[in-house]
């Protein structure tokens, strides 16, 4: 069962159905609506899709339009051995409106294979970029410094590329596909066209510095599209912070632990990794940027949550395992809330004395013990809701 909380604020869940044959895989896409005050979900739509291969991963990509419109969401499905399929929101909504038994819709298949082995893919993310704001040259200039030449022993099934008639100076990137691997590396692709184009590799090692656990498998990634800031978490609790746009200023690399903050100078050509955080020795389960990339929420397998200030590169909120936060984090999302009392107003919850500014973003954290934590990092306060009739989300 896969769960994703959209950026638009609507809840959409995907759940798998039975495999119909050795070559075909069937999935159900469910649209679930949250009923405030009762802690209940109800299904308001269902669509069956048949995949030409075994299921590997699924993500939601909110499109433009009215915030909170859960119909304007595209579904991307990854199948083995690395094929990407798009089911757009218009076709999905049409299918959900039809009666059962109607013909199932086909997906748009990307013509290239996404590398999933040697090294093994661990996590991936597909993002829409603001129209016309990210030129290929912004990332191509970067890739000349951070890309690693592929060796003859490495098997890459990726084919194709950006058409030769598109100059890097004028080609605009509309989508990025970012994948993390078991060797600690991250690869970035231009997904604007149906043929994915390789851009660059980000290695877990930082030039000239020895970092323990830098080659641990990538477990989570997130990107702030307005600033092209990238966060990468791994299985050993490291969080890498990258600025993907080039800066010719003299840059420093920061290594932050629970008890120290080291600063090392880096030349401009090696300045894309700005910081590495090592605050807890636990797998990073979820990363979420907020406030135009100035805040980053980090959720751990041990249940702890940190909120980082990406300007000062410091921790502004750290949860306490003695007061909850001891069950694995599943997902997180930042939302603007002017009054938490309206959310938590039930017979089992008291009024909250801590005010929330209309400009505050509240962090919603879903944990494996079926609790939803609401964290306000400005006031350093938190509260939680216990979902009903659910003992454990994942076994």
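FYI, it's all coordinate maths here, none of it is from the lab. No experiment lies behind these values; they were computed from the predicted model shown. Note that we place each Cβ from the backbone using ideal geometry, even for glycine, and neighbour counts take in every protein chain shown.
Spin-label model, residue 381/residue 252: points 7 Å from Cα along the beta carbon direction are separated by 3.5 nm. Gain on full extension, evaluated as 0.36 nm per residue between residue 294 and residue 321 minus their Cα-Cα distance, stands at 7.2 nm.
Here the extension length gained between residue 211 and residue 261 equals 16.6 nm, from 0.36 nm per residue of separation less the Cα-Cα distance. Between residue 48 and residue 183, the contour length at 0.36 nm per residue exceeds the alpha carbon distance by 45.1 nm. Each peptide among 185-194, 77-86, 253-262 gets the average number of other Cβ atoms lying within 10 Å of its residues, and from highest to lowest they stand as 185-194, 77-86, 253-262. Between residue 174 and residue 372, the simple label model (points 7 Å from Cα in the Cβ direction) yields a spacing of 3.4 nm.
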